[in-house]
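The values are calculated or read from the model by the stated rules, or taken from the named source; none is laboratory data. Keep in mind that what you see is a predicted model, and the values were worked out from it rather than measured. All Cβ positions, even for glycine, are placed from backbone atoms using ideal geometry, and neighbour counts span all protein chains on display.
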Amino acid sequence: MIKQLPQIFCALIICWLIGFAAFAYRINHYQHDTSSHTDAIIALTGGRNRILEAIKLLNNKKADYLFISGVEKNSRLQDILNSNQITLDAENKVFLGTSAQNTVGNALESKNWIKQHNIRSIRLVTSNYHLPRSIIEFETQTPHLKIIKHPVYSEHVNKKWWTSWRTFSLIFSEYNKFLYTYLRTRLQMEKN
């Protein structure tokens, strides 16, 4: 067994590299669903242009409500609108969640709001690199919910990730978080 450790280690590295390349390709090739209407849009704070995109979708009547998860505790909707330099057609359709500190928290906070408002379908708005992990967390918390993926691409995240150290390190980090989340949720499902 000890003699096989180098081969096992090499096999794991090769699997990781193949998975990383597939992940990097996938996050840059999502197909946008621009026609479907959902009960709600859920936007996760933390990345460039996420809130702006979500409000545009609400203004274009792609959903009945917007829930913004992970908002700072003292923030008001008007502050968010001003900082994103956007107008909102219907402020009474926007709800702010202030308890989430991370992606798991986003899914839990959203789960409670979804239940309170009897939501059956959402458009999940987050950065393209953050979407795979977010989907796993949301599917784990709300397995019967219909989720339309809505990636937001930032001009600061290079699609040619191998040419930018900043983008490479971001995707490297996010891929490892995705793997951890995938394994953690699968192990939880097996226990239940």
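Tabulated data for the structure shown
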| read-out | value |
| --- | --- |
| Meets criteria (within 24 Å of Trp162 (Cβ to Cβ), modelled with pLDDT under 90 and exposed (fewer than 14 other Cβ atoms within 10 Å of the Cβ)) for Gln4 | no |
| Failed item in (1) buried (at least 16 other Cβ atoms within 10 Å of the Cβ); (2) aliphatic (A, V, I, L, M); (3) farther than 30 Å from Arg186 by Cα, with Ala107 passing the rest | (3) |
| Neighbours by Cβ (under 8 Å, 6+ apart or cross-chain): first from the stretch 138-156, small (Gly, Ala, Ser); second assigned to a loop (DSSP other than H, G, I, E, B) and surrounded by 15 or more Cβ atoms within 10 Å (Cβ to Cβ) | Ser154/Gly47; Ser154/Asn49 |
| Tally, over the stretch 142-172, of residues that are closer than 30 Å to Ile114 by Cα and touching a strand residue (DSSP E or B) at 6+ places or on another chain (Cβ under 9 Å) | 11 |
| Filtered residue count, the stretch 60-96, keeping only those that are surrounded by 15 or more Cβ atoms within 10 Å (Cβ to Cβ), among the polar types (S, T, N, Q) and at pLDDT 85 or above | 1 |
| Selection count where residues are part of a loop (DSSP other than H, G, I, E, B) and over 20 Å from Ala22 (Cβ atoms), scope the stretch 137-181 | 7 |
| Extreme residue, farthest from Ile136 (Cα to Cα), among residues of the stretch 159-184 that are of a type in the set (Val, Ile, Thr) and surrounded by 16 or more Cβ atoms within 10 Å (Cβ to Cβ) | Thr167 |
